[in-house]
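The values are calculated or read from the model by the stated rules, or taken from the named source; none is laboratory data. Being a predicted model, the structure only gives us computed values, none of them experimental. Every residue, glycine as well, gets a Cβ built from its backbone with ideal geometry; the counts of neighbours run over all protein chains shown.
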Amino acid sequence: MDEKEILAKNLVKYRKNAGLSQVELAKKLNYSNKNISKWENGETMPNAFVLQKIANIYGVKIENLIEENGELLPQEKQKIHNKRKTIFRLTMLLLANAILYAGGTLLIYILKLVGIQNFPLYYIYLYISPLTFLSITIYIRVLYNYVEIFSMSAFNWLICLSFYLSFIKASNMAFIFVMGGGVEIVEICIALLVNIKLRNDKKKAEQLSQEEDIKKE
């Protein structure tokens, strides 16, 4: 049984289990019942966006619509693979930061052993903190909307605080926070523009996909 047949079979089964007719389902999806008929006959396949809406209507996971005997369709196997890869990368992110702070703790211990205490040793954790938020930005900025605003802001202000505390006796050091404010405004503007563009691109892709489905009627 090929991909379309597996999907078509499941679409029919779950629609009937939900007690819906093709016309009723079409109204919920804002599609024509001809589209529903083609999907359930295996002539065409709904796009991923529509498939998720169908799964939500039936109260099931999208995997339930696309698997047969526990075997996922090839494209869904790739999605699961990508999800596992994401989890692996996040695990590596946490591990890298744990090693970073463990190294900082070891450095503090060594400095105490050799008697270097000219400045508060806990500042080392402060110096490490910007690197933590920089790594968060690098790893997961694409995964969650606006996460880069939070992480880059934290990176920015922790850098400012690190310099301020390290050179607090220098003149005009408070001015560094004014500079940090300017950088913060630029970061927020860039992040907002990028996310707005990504959201608009996603909407356009969904609209084009729906228009293509309608043309196939």
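Without any contact (Cβ under 8 Å) to a residue 12 or more places away in the chain and polar (S, T, N, Q): does that describe Asn30?
Details: without any contact (Cβ under 8 Å) to a residue 12 or more places away in the chain: yes; polar (S, T, N, Q): yes.
When the stated conditions are applied, Asn30 passes them.
For segment 28-54, what are the residues that are polar (S, T, N, Q) and part of a helix (DSSP H, G or I)?
Scanning segment 28-54 gives Asn33, Asn35, Ser37, Gln52.
Just to verify a result, which residue in segment 67-94, among those that are of a type in the set (S, T, N, Q) and at pLDDT below 60, is surrounded by the fewest Cβ atoms within 10 Å (Cβ to Cβ)?
Asn69
Okay, residues lined up against (1) surrounded by 11 or more Cβ atoms within 10 Å (Cβ to Cβ); (2) under 25 Å from the mean Cα position of the chain (by Cα); (3) over 22 Å from Phe49 (Cα atoms); (4) modelled with pLDDT of 70 or more:
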site	(1), (2), (3), (4)
Asn118	no, no, yes, yes
Tyr122	no, no, yes, yes
Ile190	yes, yes, yes, yes
Leu193	no, yes, yes, yes
Ser209	yes, yes, no, no
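Here is a check on your reading of the model: is Asn41 over 26 Å from Lys204 (Cα atoms), at pLDDT 85 or above, surrounded by 14 or more Cβ atoms within 10 Å (Cβ to Cβ) and more than 27 Å from the chain's Cα centre (by Cα)?
no
Go through segment 3-27 and give me each residue that's of a type in the set (Ser, Thr, Tyr) and assigned to a helix (DSSP H, G or I).
Tyr14
So is Ile54 closer than 18 Å to Glu3 by Cβ and in contact with a strand residue (DSSP E or B) (Cβ under 7 Å, 6 or more places away or on another chain) or not?
no
Let's see how each residue does on (1) in contact with a helix residue (DSSP H, G or I) (Cβ under 8 Å, 6 or more places away or on another chain); (2) over 20 Å from Phe150 (Cβ atoms); (3) touching a residue at least 12 places away in the same chain (Cβ under 8 Å); (4) of a type outside the set (Val, Ile, Thr):
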| residue | (1), (2), (3), (4) |
| --- | --- |
| Thr91 | no, yes, no, no |
| Gly104 | yes, yes, yes, yes |
| Leu107 | yes, yes, yes, yes |
| Tyr122 | yes, yes, yes, yes |
| Tyr125 | yes, no, yes, yes |
| Ile128 | yes, no, yes, no |
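Just wondering, is there one or more residues in segment 21-37 that are more than 26 Å from Leu208 (Cα to Cα) and in the same structural domain as Val60 (by TED's automatic domain parsing)?
Yes, that holds for at least one residue.
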